[in-house]
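Q: Take a look at the following structure, please.
The values are calculated or read from the model by the stated rules, or taken from the named source; none is laboratory data. Being a predicted model, the structure only gives us computed values, none of them experimental. With ideal geometry, Cβ positions are generated from the backbone for all residues, glycine too; neighbour counts draw on all protein chains shown.
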Amino acid sequence: MSTIAVVGNLSLDRVAGSRPRIGGGPYHAARALRLVGARARLIARCADGDRRFLLPRLAALGIPLRLLAGETTAAFSFTYDHGVRTMNIDVLGDAWTPDDVRTLDRHVRWVQVAPLARSDFPSETIAQLAQGRRVLLDGQGLVRRPQTGRLELDADFDRDVLEHVSILKLAEEEAELVGDVDVPERIVTFGAGGSIVYANGREKRVPAWPLTRDPTGAGDGFSAAYLAARASGQAPVQAARRATAVVGAMLR
């Protein structure tokens, strides 16, 4: 199986006023990758002042990692009301440059780009990651406005980004904004409604597994498990079924 990499900012997440906990794409992806035993590595970033808190929690998952120094650590606050989540961006994380990812191991052939906001990964950085590799992009990096305050979504993103993307993973509300885009593979997730895989000119619905815990990180875990399955040679629909099972185990 090819080596895969997950690239993105870590975050400090506060749920209902609780103490901060670790979050961000690399952390939640690593939870899934540990379950599947994939050959993988993480490249993450946070502010130097938060390194002592975040690094041990990420390293404990056992996935080889490199933690880059940053100016800020992304921060979010969440509240839940009868299962409906309200999310605020408290701090935006750093933007990644092509130089940040230029030294990515040549054996890596699949990359999960895990942005927390539109500003995390400009088109030129994703282009650098895509050289000789297949890139899976989380759609929240297209539609999340890079501003603090209550999370807002819109479709004002750079369409050139998609030229470098092989797999686009979208939540339902993100898919409505992005529309029908020309990427080789597209997966739209619907929470308890499962997912739809668009690949090879066809679409196929994959049912979900019931989740019994806070679903934060489910999307990152799904993307990581999907990419690991694709890197091992599974077809898109098979990979989505595998990813669904992994998320079910991760959040059981």
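Q: Is it true that A114 is touching a helix residue (DSSP H, G or I) at 6+ places or on another chain (Cβ under 9 Å) and at pLDDT below 95?
A: Values: touching a helix residue (DSSP H, G or I) at 6+ places or on another chain (Cβ under 9 Å): yes; at pLDDT below 95: no.
So A114 does not fit the description; no.
Q: Next question. I'd like to check something: does the range 210-221 contain any residue that is more than 16 Å from V135 (Cβ to Cβ), among the acidic types (D, E) and touching a residue at least 40 places away in the same chain (Cβ under 8 Å)?
A: yes
Q: Further question: All but one of (1) within 16 Å of the chain's Cα centre (by Cα); (2) in a helix (DSSP H, G or I) hold for T216; which doesn't?
A: Condition not satisfied by T216: (2).
Q: State which residue is surrounded by the most Cβ atoms within 10 Å (Cβ to Cβ) when the search covers only the range 42-61 and only residues that are closer than 27 Å to H107 by Cβ, of a type in the set (G, A, S) and in contact with a strand residue (DSSP E or B) (Cβ under 8 Å, 6 or more places away or on another chain).
A: Checking each candidate, the answer is A44.
Q: In the range 154-185, how many residues are touching a Lys or Arg at 6+ places or on another chain (Cβ under 6 Å) and not in a loop (DSSP other than H, G, I, E, B)?
A: So the answer is 1.
Q: In the range 1-71, which strands (runs of 3 or more DSSP E) lie fully inside it and hold 3 or more residues that are touching a Gly at 6+ places or on another chain (Cβ under 9 Å) and either free of Cβ contacts under 8 Å to residues at least 40 places away in the same chain or closer than 24 Å to P98 by Cα (or both)? Before you say what the answer is, go through the steps one by one.
A: Values: elements: 3-15, 21-24, 40-47, 65-70.
Once the strands (runs of 3 or more DSSP E) in the range 1-71 are filtered for at least 3 residues that are touching a Gly at 6+ places or on another chain (Cβ under 9 Å) and either free of Cβ contacts under 8 Å to residues at least 40 places away in the same chain or closer than 24 Å to P98 by Cα (or both), what remains is 3-15, 40-47.
Q: Tell me, please, whether a residue that is closer than 23 Å to L33 by Cα, more than 17 Å from the chain's Cα centre (by Cα) and small (G, A, S) can be found in the range 219-233.
A: Of the residues in the range 219-233, the ones closer than 23 Å to L33 by Cα are 219-233.
Then drop every residue that is not more than 17 Å from the chain's Cα centre (by Cα), which leaves 232-233.
If we keep only those that are small (G, A, S) too, we end up with 232-233.
Yes, some residue in the range 219-233 is closer than 23 Å to L33 by Cα, more than 17 Å from the chain's Cα centre (by Cα) and small (G, A, S).
Q: Tell me, please, whether a residue that is in contact with a Ser or Thr (Cβ under 9 Å, 6 or more places away or on another chain), more than 20 Å from S11 (Cβ to Cβ) and either in contact (Cβ under 8 Å) with a residue 40 or more places away in the chain or not in a helix (DSSP H, G or I) (or both) can be found in the range 115-123. Steps first, please.
A: Within the range 115-123, the subset in contact with a Ser or Thr (Cβ under 9 Å, 6 or more places away or on another chain) is 116, 122.
Among the residues that remain, those that are also more than 20 Å from S11 (Cβ to Cβ) are: none.
The answer is no, given that none of the residues of the range 115-123 is in contact with a Ser or Thr (Cβ under 9 Å, 6 or more places away or on another chain), more than 20 Å from S11 (Cβ to Cβ) and either in contact (Cβ under 8 Å) with a residue 40 or more places away in the chain or not in a helix (DSSP H, G or I) (or both).
Q: Any residue in the range 161-172 that is surrounded by fewer than 17 Cβ atoms within 10 Å (Cβ to Cβ) and either over 19 Å from F121 (Cβ atoms) or more than 17 Å from the chain's Cα centre (by Cα) (or both)?
A: yes
Q: Still on this model: State which residue is modelled with the highest pLDDT when the search covers only the range 205-234 and only residues that are exposed (fewer than 15 other Cβ atoms within 10 Å of the Cβ) and in contact with a strand residue (DSSP E or B) (Cβ under 8 Å, 6 or more places away or on another chain).
A: Filtering the range 205-234 for residues that are exposed (fewer than 15 other Cβ atoms within 10 Å of the Cβ) and in contact with a strand residue (DSSP E or B) (Cβ under 8 Å, 6 or more places away or on another chain), the one modelled with the highest pLDDT comes out as R205.
Q: Then there's this: Restricting attention to the range 83-111, and to residues there that are hydroxyl-bearing (S, T, Y) and at pLDDT below 95, which single residue is surrounded by the most Cβ atoms within 10 Å (Cβ to Cβ)? Outline the logic, then answer.
A: Taking the range 83-111 as the starting set, the residues that turn out to be hydroxyl-bearing (S, T, Y) are 86, 97, 103.
Add one more test, that the residue is at pLDDT below 95, and what stays is 86, 103.
On the way: T86: 11, T103: 9.
For the range 83-111, the residue satisfying everything is T86.
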